[in-house]
Structures are given as structure tokens and as C-alpha cells.
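Some notes on the structure that comes next.
We did not get these values from a lab; they are worked out from the coordinates using the rules stated. These numbers come from a predicted model, not from an experiment. A quick note on method: Cβ atoms are made from the backbone with ideal geometry, for glycine too, and the neighbour counts reach across all protein chains shown.
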Amino acid sequence: MARIDLDSATLPEFERRVKALGPTAQRQWGTMSLARMFAHLRIILEISLEERETKDESRAWLMPILWVLLFRLWTNWPKGRIKASPQFLDDSAEDIEAERSKLTESMRRFVERSERDPGRIVLEPMLGRISLKKWQRVHGVHSDYHLRQFNV
């Protein structure tokens, strides 16, 4: 993928990649099952849509450094080395098709809202309060990482 933001230009490619994953898809690293990975991505989208409560785990002085390192310079994150906070996981997610559907719908809702109101400020638990425009990058890099985890 040339562009790494989740926006109207890249949404069809992200949807294609999500759809390409079948029940026999094997992860290349980490421990999440396919259904749990779909749920994990959906949960983060719901946080950016303010549909889900979250805890602020950010440090104001660290936010600009993390933004540049993780979402501008170093977008190819180390495989299996970054552990998600439990607030971003759903260990009960098992139905791949149900989770795929919820994820795709959340992606569409996010793209629509972020393009209608890109300056809206929403809490990102690690980075602090950021615009939906920045959230597009967060979702793009994060989704790309997990889709590559399952080899798409």
C-alpha cells in the first residue's frame, strides 16, 4: 500500500485485505486469532468514533515523540513486540464472519466521520487528544500491521 492513512482513497484496499482473510489464515507472529484481531481493530475504531470508553494512558511530553517515531518514521513496527492494553482486546471474539462485518462497518463509519470533520479532537489513549485526521494515520498504520500479521 502506497498510502497508509485510513481514508476514502485507501478504504477499498483495506476492505479487500480484510475480505481476503479466510478461516484458515495463519498468523505470522503474535497470539491473536483472526476473530480477535478483527475485534481488536474494531475496538480501536470505536474509541476514535467515541463509541467506546477508554483510559488516557498518554504522557503530554511523550506524545510528539511517539507521533513522529511510530506514525511518520517507523511505520513498520517490530513483529510481536508491542503488546496491546487489555482495554483494546475482546478475548470472547470467536466468530470470524461477525467480527469481519463489524470491523468493515466501523471502518466505513470512521472514514465518513473523519472526512466530514477531520479537525474533531478525540482521545487516543497513548497519544492523548488528537484530530480525526491524525487518527486516519493511526488506523492506517495499525490496520496495516495487523493485516500483514495475517499475510495480506
| request: Pairs to check: LYS19/LYS134; LYS19/LYS55; LYS55/LYS134. Give those whose C-alpha atoms are more than 22 Å from each other in this structure. | output: LYS19/LYS134; LYS19/LYS55
| query | Calculated from DSSP H runs of 4 or more alone, at -39500 (n - 2.57) each and per residue, what is the 222 nm mean residue ellipticity of the chain, nearest 500? | reply | -15000 deg cm²/dmol
| Taking H as built 1.01 Å from N, whose amide H comes closer than 5 Å to the amide H of GLU124, not counting residues under 5 places away? | ARG129, ILE130
| For the residues TRP61, TRP29, TRP135, what sequence is obtained by ranking on other C-beta atoms within 10 Å, fewest first? | TRP61, TRP29, TRP135
| Relative to the present Cα-Cα distance, how much length would full extension add between ILE121 and ASN151 at 0.36 nm per residue of separation? | 7.5 nm
| By how many degrees, between 0 and 90 and to the nearest 10, does the Cα long axis of helix 96-116 differ from the longest principal axis of the chain? | 30
| remark: Dividing the mean separation of Cα pairs under 8 Å (6+ apart) by the residue count of the chain yields a relative contact order in percent of 45
| said: Taking semi-axes √(5λ) of the Cα gyration tensor in Å straight from the coordinates, which label in [x] 29, 20, 14; [y] 45, 15, 11; [z] 22, 17, 16 is the correct one? | reply: [z]
| request: Identify which of GLY140, GLY22, GLY128 has the largest mean-square fluctuation in a Gaussian network model of the chain, with springs joining Cα atoms closer than 10 Å. | output: GLY22
| query | In what sequence do LEU6, LEU103, LEU21 fall when counting other Cβ within 10 Å, fewest first? | reply | LEU21, LEU103, LEU6
| So how do ASP56, ASP7, ASP144 line up by other beta-carbon neighbours within 10 Å, fewest first? | ASP56, ASP7, ASP144
| message | Using only Cα atoms and rounding to the nearest 10 degrees, what angle (0 to 90) does helix 11-20 make with the longest principal axis of the chain? | response | 30
| said: What FRET efficiency comes out for GLU105 versus ASP56 if R0 is 41 angstrom and r is the Cβ-Cβ distance? Round to the nearest 0.05. | reply: 0.95
